[in-house]
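Taking it in order: structure first as C-alpha cells, then the write-up.
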Amino acid sequence: MARGDPRVQYDRIYILLPPTADREWALAAVDASWQFRRTIGGSADDAGVGNLDRRKVIAVNPEAWGPGDDGHGLAGFFQTHYPGVEFEPVAARTAEEVRRDLSAVAVKPVTVTTPPSPTRGRPRVPYERIYILLPPDADKPWAKAVVEATWDTQRLTLGNSADDAGIGDLDVRRVIAVNPYAWGPGDDGTDLEGFFRRHYPGVAFQPVLAATPEELRLRLGGQAEQFTPLGIHDVPDGNGPGPGCRWMMNNGVPGWAYVVVFIRDQPLPLNYSAAAAAGLKVVVNLRYSWSTDLGGQGTLPPAGEAETRFVAACRQTVQQSQGIWGWTVGNEPNNPREWPGGGLTPERVAAVYNQIRAGLGARFAPAPVDPFFGPGSDNRNWFRRIWANVTGAEFVDLHGYVRGPNHLLCWSEFKFQNAPLTWQYLNFSGCCRTLMAELPGSYRVRPVLISEFNHLWKFDNGPAGWVDDKGPMVVRAAVEAVRGWNNQGGQQVAGLVLYRWAGDEWALKDMNRIKAELARLNRDGPFPRFVYPIRGRPLQINGHFGIQRDYGLHEGIDLFALTGELIVPVMDGVVDRVRDIGSLGYGRYVRVDHQNGYVSWYGHLDQFAPDIQVGSQVVAGQTVLGLAGSTGNSTGPHLHLTVQRPGIGLSGFVEPDVVDPLPFLV
C-alpha cells in the first residue's frame, strides 16, 4: 500500500464550505449533517484526497470559489485534479438556509464508483493536513465546540472517522484526537495511536483530553468569555435606557438588561447604543399589552387586523432600533391571564413570532412560558408545541424562581405532587433544566437567558417580594447553580435576570444589598484556572456539588481516583491544616490557603506526604500532598475536593463559604 492509502475501502462524504463561510455557517453545517457523521471542512484539496472507490463532495455555494484557472469553477477543479469525485452543489444565502437545506442532501449516499488508478486521490500539491478527530459518541455540542474554537483562524477539517483522518499521500498529516481513550482497544489490542501507527504510519498524533464541550473549546484555543451572569428586568425611559439600565451604566456594572415594551400598533425605535457601549447586553421583550388581571389586553393581540398591525409595528421597531442584543416576543402565553380575547394556542404564539422574525437577521427567541402554571394546562406541552412550530431561534428565553428566600432551594430535588406537573421541579434551577431538555435537537446548543428570577415570597408562602437580608445569598446561589450546570456540559445558560427594577412587589431599586451583590458578581474577574489535583488522570466526577447527601447538600465534588494516586494542590499556597479525624467526614485531609481569596480541601487521603505539615509552601500540580484513598466517611477510593471563598461563598453547607470547584478545573 502507498502512503496514506485507506486501510479498507469505504464511502467518503465531505461537506465543503466556501471561502466566504464564517463560523455561523460552519455551525449550521454541523447542525444539518452531524447526525450522519459527515466530514466537514473548508479545503477543496482535503475534500478530494484519498485513494477511494467512492468519494463525494457536497459543495455549499461552489460559485464562491470563482471560475478557476480553466474557467470551469469548482466542479472543473475536481474533474481536473480529483477525477472520480461525485460533486453535488448546494445553494444557500444564509446560515439558516444551510441548516434547513443541507440535511436533505447530507443524508444521501455516494452513488458514483470510480476504478482504481495510480493517481486516484493523490493530492494536487503538497500541503499540511490537520484533522480534528472526535470520538464515536461525540454529539453536536462537541462538534460545535471545535468550530467555535478553530474556524475563524484555521478552518480545520472536522469529523469522527479515523480512516478519514489518516488518508492522503502527504508529507504532513496531523490528527488532533479528542479523548482517544473513547475508541477503546482495537482488534489487535492497541489504542487509537497504535491504530494510526499500524494503518497510517507517518501521522502526527496529538491527543486532547476534555471533560465537556466548553473545556474542549478552550483547549483548542477558543477564548474564555468573562461570565457576567446577572441582569435587571427593566422598562425603557422613552426610547432609551430606563432607570435599572441607567443604574448599571452609572455604576460600571456590566451584564444584562431585559427591557419590556408594549407595542400595540405603534413602532417604538429604541436607542440603547450607550448601554451596549457600557457593556450591557440588551434584550427587548415585545408585547402587545400587559396581563388582563391587571387591566391589560394580553401579551399578544387578538387574531385579525390587530395582529397584522402588531406584527408590522414590531418589525419596524426591530429595524429602527440600535444597541439591542436580542428580541423576544410575548410573555408566559400558557397562562390565561396573558390571553387576549379569543385566547391563545401554542401554534398561534409560534406563528406570530415567525412573522415578526422572518428575514430580519437579528437574534430572536420565542416567548418564555410560565414554568409552574398547571391547572387545566401543562406548560411542558405548550413549550414543546411552541418550539416545534418556530422557524428558527438564536437563543432561548426561560423563567425560573425559588419559593422563598432560602438559597439552598437552588439545589432542591422536590417536584410537584399533582398532575399535570408531577414532572416539574418546584424551584430553580430544576424547573428550567426540565424545559431545556424538551427543546428540539438543533436548539439544545443555543444560549439560554433566564429572563425572570426571584425568590417568590418574603418567607414561605408569605407576601410576594424580595428581602434584602437573605436575597443576596439567593442570588449568589443561583449564579453558582448556573455555573455548575454550565461546566457539567449542559446547554449553556448565558445570564440570569433579576425580576424587576420597579413596578410591583419585587421592586429591586431600594434593595441595596442585592444590588451590591449583583455588581460584585458581574465584576468578578475571570476565574483562576486550577491544576487538576490527581496527577496524570483526566477529569472524572463521581459526585457533583450541591447533590443531596444523608448529611445535607454536598459541599464539594468527588473525583475518581485509585488508592495510592498522587494528590497535588490546585494552586500555589500554604498548608494550614493536616488532620486525621478517623472514620468521620474527610478522614485524613489537607487544607491549603492559596492566599488569593481561595482555600481548598483534599479529603479521604490514604496517606499524607511525609514532608507535608502546617506551614508548608506548596506548588500547583507539583507538591505531593498525599495519596488518594478512602478514609473517613467514604464508600470507596476517591478524592473529595472542597473550595472556599471566605466572605463570598455559600453558607448552609457542612463547611461555610463554599463554591463549586468545577468551573475552576482544567
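Derivation of every value follows stated rules applied to the coordinates shown; laboratory data play no part. Note that the structure is predicted; figures quoted are calculated from it, not measured. Reconstructed Cβ throughout: ideal geometry from the backbone, glycine too, with neighbour counts over all protein chains shown.
Return the distance in nm (one decimal) between the two label points of a simple spin-label model at residue 459 and residue 152, each offset 7 Å from Cα along Cα→Cβ.
About 5.1 nm separates the two model spin labels.
Could you check the spin-label model distance between residue 488 and residue 112? Points 7 Å from the Cα along Cα→Cβ, value in nm.
With each label placed 7 Å out from Cα toward Cβ, I get 4.9 nm.
Given the pairs 144/470; 415/458; 140/281; 144/515; 56/144; 458/515, which are separated by over 29 angstrom at their Cα positions? Intermediate results must be reported in sequence, preceding the final value.
Details: 144/470 39 Å; 415/458 21 Å; 140/281 27 Å; 144/515 36 Å; 56/144 23 Å; 458/515 17 Å.
Check vs 29 Å cut-off fails for 144/470; 144/515.
Mind listing the long-range amide H neighbours of residue 124? Cut-off is under 5 Å, sequence gap 5 or more, other chains count too, H placed in the peptide plane at 1.01 Å from N.
none
Using packing as a proxy for protection, rank 642-648, 111-117 so that the peptide with the highest average count of other Cβ atoms within 10 Å comes first.
Packing order, densest peptide first, comes out as 642-648, 111-117.
Go through 141-151, 309-319, 254-264 and give me the packing order, highest mean Cβ count within 10 Å leading. Let's see the in-between values first.
Working: 141-151: 23.2, 309-319: 19.1, 254-264: 21.6.
Answer by packing, highest mean first, reads 141-151, 254-264, 309-319.
Can you tell me the mean projection area, over all orientations, of the convex hull of the chain's alpha carbons? Units nm², please.
For the Cα atoms of the chain, the hull's average projected area reads 33.1 nm².
Less than 10 Å Cβ to Cβ from residue 430, Lys/Arg counted +1 and Asp/Glu -1: what total charge do the surrounding residues give?
+1
Sort 422-433, 197-208 by packing, meaning the average of other beta carbons within 10 Å per residue, with the highest value first. Intermediate values should be presented prior to the final figure.
On the way: 422-433: 20.8, 197-208: 16.1.
Result, highest mean first: 422-433, 197-208.
Measure off 7 Å from each Cα along the Cα-to-Cβ vector at residue 378 and residue 535, then give the distance between these two points in nanometres to one decimal.
5.5
What is the extension gain from residue 551 to residue 193, computed as 0.36 nm multiplied by their sequence separation minus the C-alpha to C-alpha distance, in nm to one decimal?
124.4 nm
Net charge near residue 419: determine it from the other residues with C-beta under 13 Å of the C-beta of residue 419, scoring Lys and Arg +1 and Asp and Glu -1.
+1
Antiparallel DSSP bridges in the chain: what percent, to the nearest 5?
So the antiparallel bridges amount to about 40 percent of the total.
Relative to a virtual label point 7 Å from the Cα of residue 124 in the Cα→beta-carbon direction, which members of region 8-48 show backbone nitrogen distances below 15 Å?
Output list for this probe position: 16-19, 42-48.
Counting pairs of alpha carbon atoms under 8 Å apart in space and at least six apart in sequence, what relative contact order in percent does region 448-527 give?
Relative contact order here is 38 percent.
Please give the net charge around residue 204, taking every other residue with its beta carbon less than 13 angstrom from that of residue 204, where Lys and Arg add +1 and Asp and Glu add -1.
Net of charged neighbours comes to +1.
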